[in-house]
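The values are calculated or read from the model by the stated rules, or taken from the named source; none is laboratory data. All values derive from a computational prediction rather than experimental measurement. No Cβ is skipped: glycine too gets one built from the backbone with ideal geometry, and neighbour counts run over all protein chains shown. Just the protein is used for accessible areas: all its heavy atoms, side chains included, with ligands, DNA and RNA removed. Shrake-Rupley method; radii C 1.70, N 1.55, O 1.52, S 1.80 Å.
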Amino acid sequence: LVKYFDQLDDKKWQVKKELRSRVNFRELNLIEDDFENDKYDLIFCRNVMIYFDVHSRQKLISKIENTLRTDGKLVLGSGESVIGIDTKLKQKYYEDLMTFEK
């Protein structure tokens, strides 16, 4: 934690400036925006798909699959799954974190 974050107070931490300058943070409409032409190393989509119907989840997973780099990772919330979704992503568990890899 202290390697990559600065502590602001008892409960708040901030990514260190040198790391933050190397990261591209973007906000997207996951269903409507076209982001498939970009390539990402890591996508966090935690506690998002729980609000989507099966068709929307399939559409989103397909988009994400096309945007992840070869060794890219997708991080979902623990209550989310890709059950019933056609995907080539492989599920991996890291302690309390579930990721999907190409």
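Restricting the trypsin sites (Lys or Arg not before Pro) of region 1-57 to loop positions (DSSP other than H, G, I, E, B) with no more than 12 neighbouring Cβ atoms within 10 Å leaves 3, 11, 12, 22, 26, 39. Here's the list of lysines a cross-link from residue 39 could span, going by alpha-carbon distance under 27 Å and ignoring same-chain residues fewer than 8 apart: 3, 16, 17, 59, 63, 73, 88, 90, 92, 102. Atom-type composition of the exposed protein surface of region 6-102 places 47 percent of the accessible area on carbon and sulfur (1.4 angstrom probe).
Only DSSP H runs of four or more residues enter the estimate; each adds -39500 (n - 2.57), and after division by the residues of the chain the mean residue ellipticity at 222 nm equals -5000 deg cm²/dmol. Each Lys and Arg Cβ is given +1 and each Asp and Glu Cβ -1; about its Cα centre, the chain then shows a dipole of about 340 debye. Its alpha carbons considered, the chain gives a radius of gyration followed by a Dmax of 15.1, 44 Å. Which residues among region 19-42 fall inside the zone where the amide N is under 12 Å from a point 7 Å beyond the Cα of residue 6, along Cα→Cβ? Taking a point 7 Å out along Cα→Cβ of residue 6, the residues of region 19-42 whose backbone N falls under 12 Å are 19-21. Computed from Cα positions, the angle between helix 54-67 and the longest principal axis of the chain comes to roughly 60 degrees.
Each Cα pair under 8 Å and six or more residues apart adds its sequence gap; the mean of these over the residue count of the chain is a relative contact order of 23 percent. In the full protein context, region 41-102 carries 63 Å² of accessible surface per residue, based on a 1.4 Å probe and ignoring ligands, DNA and RNA. Across region 62-96, no residue has a backbone nitrogen under 12 Å from the label position 7 Å along the beta-carbon direction of residue 51.
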